[in-house]
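Trainee: Following this message is one structure expressed as structure tokens.
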């Protein structure tokens, strides 16, 4: 799952979000990935997708031998104030248009995953839970059909209650996938959110089975893996046991030096792998 068809083992990447407080360009970030030993980057961007210069990104990927692990949709909600579960039709239409552009971009960049957290569920409920849930399911059905047309996966992220109010646990996410009933909609696991919800790490990851499409790593303090209380050995063991074949992506607070933090992270995780 995840990069199935393109790789036969787990690969390591990081989110470009970790460099958003710098003035680095995407080609420079891709260069950093290669230099630090990462195989992929999750591409996030504050501009509308059609405004990105894909040519220079493609050139950098080829030059440095790096992949796009996923297209991230963080800024759909954070910057543009849109999300797929909104009860406002115009908001949903614009959100779906954004997602469609991300899928087209993923196809052009030879990427199999579009990843979504707030982009599908938002950060706050604007109505009763059951109404927003119903709309999220309806929207994800539509997105799932679109993902099937593009031949890729749309992967939803559950988030702890301090970050979101609709889908907070793996059980929530799997229930939503059951209702969506689309093979092209999968779930991702973020170690920070699992830990913050006081859920068992290995068991939570394993519960997703073949529906697990993507992984984010951050420690209990939202910092570099290995600096807090999360037992990453348990997580990696679970991934090995279920023969997960996809990207493990660093997404944490890098403090003042993303380079140093990402170097420590990859050394730590590679020792477990």
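Only the coordinates and a few stated rules stand behind these numbers; no lab work does. The shown structure was predicted, so the numbers you read here are calculated from the model rather than taken from an experiment. Positions of Cβ are generated from backbone atoms using ideal geometry, with glycine treated the same way; all protein chains shown enter the neighbour counts.
Trainee: Check every one of the helices (runs of 4 or more DSSP H) wholly within region 187-273 and list those with 3 or more residues that are surrounded by fewer than 15 Cβ atoms within 10 Å (Cβ to Cβ) and over 14 Å from the mean Cα position of the chain (by Cα).
Mentor: Passing ranges, in order: 232-241, 258-272.
Trainee: Also: Looking at region 49-82, which of its residues are farther than 17 Å from residue 107 by Cα and part of a loop (DSSP other than H, G, I, E, B)?
Mentor: Residues satisfying the conditions are 65, 79, 80, 81, 82.
Trainee: Just for region 22-34: of the residues that are surrounded by fewer than 15 Cβ atoms within 10 Å (Cβ to Cβ) and without any contact (Cβ under 8 Å) to a residue 40 or more places away in the chain, which one is farthest from residue 54 (Cα to Cα)?
Mentor: Applying the filter and picking the extreme gives 23.
Trainee: Ok, one more. Return the residues of region 101-124 that are outside any loop (DSSP other than H, G, I, E, B) and either in contact with a strand residue (DSSP E or B) (Cβ under 7 Å, 6 or more places away or on another chain) or crowded, with 18+ Cβ neighbours inside 10 Å (or both); say none if nothing qualifies.
Mentor: If the condition is that a residue be outside any loop (DSSP other than H, G, I, E, B) and either in contact with a strand residue (DSSP E or B) (Cβ under 7 Å, 6 or more places away or on another chain) or crowded, with 18+ Cβ neighbours inside 10 Å (or both), then 102, 103, 105, 106, 113, 114, 115, 116, 118, 119, 120, 121 are the ones that fit.
Trainee: Here's something else I'd like to know. Could you tell me which of the residues 125, 82 is touching a helix residue (DSSP H, G or I) at 6+ places or on another chain (Cβ under 6 Å) and free of Cβ contacts under 8 Å to residues at least 40 places away in the same chain?
Mentor: Step by step, each of 125, 82 is checked, and only 82 is touching a helix residue (DSSP H, G or I) at 6+ places or on another chain (Cβ under 6 Å) and free of Cβ contacts under 8 Å to residues at least 40 places away in the same chain.
Trainee: What is the one condition in (1) farther than 13 Å from residue 83 by Cβ; (2) touching a strand residue (DSSP E or B) at 6+ places or on another chain (Cβ under 6 Å); (3) not in a loop (DSSP other than H, G, I, E, B) that residue 138 does not satisfy?
Mentor: (2)
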